[in-house]
Amino acid sequence: MLLSLDLYDERPLHEQAADAIRRAIAAGEVAPGDRLPPARDLAVAMQINANTVLRALRELREEGLLEFRRGRGVTVLRRPDPEVALRQKLRDLLDEAGRHGYGPDVVVEWIAAEK
């Protein structure tokens, strides 16, 4: 499972980590029923603190994507809903456009022009 974070992303690291894991599950790199690597290994892979990874994993557990079992680790329960993933990408796009001075109305115009 290849996980990487964007150093220029202004979002908190736990959100970026949760998104990276969510994307890996959605892409099929990890299937429902599979166990995730330990948080320490994920932290090393993403070059962040293990507590940050644990916070991301808890967020994904609250979304119903992961299950924590004592002594058995973290298991993937299901793939994320595509609508949720698309809405997150839309929020990311609007955030990025906002950082460059473009409002949602301009982004909507761009999307309409792409039809």
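The values are calculated or read from the model by the stated rules, or taken from the named source; none is laboratory data. Given the structure is predicted, the values throughout are model-derived calculations rather than measurements. Positions of Cβ are backbone-derived with ideal geometry, glycine not excepted, and every protein chain shown enters the neighbour counts. To get the accessible areas, we keep the full protein, side chains included, count just its heavy atoms, and leave off ligands, DNA and RNA. Shrake-Rupley method; radii C 1.70, N 1.55, O 1.52, S 1.80 Å.
Taking Cα pairs under 8 Å and at least six residues apart, what relative contact order does the chain come out at, in percent? Relative contact order, the chain: 23 percent.
To put it simply, the accessible area of the chain at a 1.4 Å probe is 51 percent carbon and sulfur. In a simple Cβ point-charge model (Lys, Arg +1; Asp, Glu -1; nothing else charged), region 39-115 has a dipole of about 640 debye relative to its Cα centre. How tilted is helix 104-113 with respect to the longest principal axis of the chain? Cα atoms for both, answer in degrees (0 to 90, nearest 10). Helix 104-113 sits roughly 80 degrees off the main axis of the chain.
The alpha carbon gyration tensor of region 36-101 gives principal lengths a ≥ b ≥ c with a/c of 1.5 or higher and a/b no greater than b/c, which makes the shape oblate. For TYR102, nonlocal amide neighbours, meaning residues 5 or more places apart or on other chains whose placed amide H falls under 5 Å from its own, do not occur.
The local environment of LEU66, defined by Cβ-Cβ distances under 11 Å, has a net charge of +1 under the rule Lys, Arg +1 and Asp, Glu -1. Largest GNM mean-square fluctuation across GLY98, GLY73, GLY64, computed for the chain with C-alpha springs under 10 Å, falls on GLY98. Helices in the chain, meaning DSSP H runs of at least 4 residues, each add -39500 (n - 2.57). Divided by all residues, the mean residue ellipticity at 222 nm is -17000 deg cm²/dmol. When the Gaussian network model of the chain links Cα atoms closer than 10 Å, the mean-square fluctuations of LEU54, LEU86, LEU36 top out at LEU86.
In the full protein context, region 52-115 carries 75 Å² of accessible surface per residue, based on a 1.4 Å probe and ignoring ligands, DNA and RNA. Computed 3J(HN,Hα) for region 16-29, one whole-Hz value per residue from the Karplus formula 6.51 cos²θ - 1.76 cosθ + 1.60 where θ = phi - 60°, is 5, 5, 4, 5, 5, 5, 4, 5, 5, 5, 4, 7, x, 5, glycine and proline marked x. Figure note: GLU29, GLU67 ranked by solvent-accessible area, largest first, 1.4 Å probe, ligands and nucleic acids not counted: GLU29, GLU67.
Here region 9-43 and region 51-99 have alpha carbon centers that stand 7 Å from each other.
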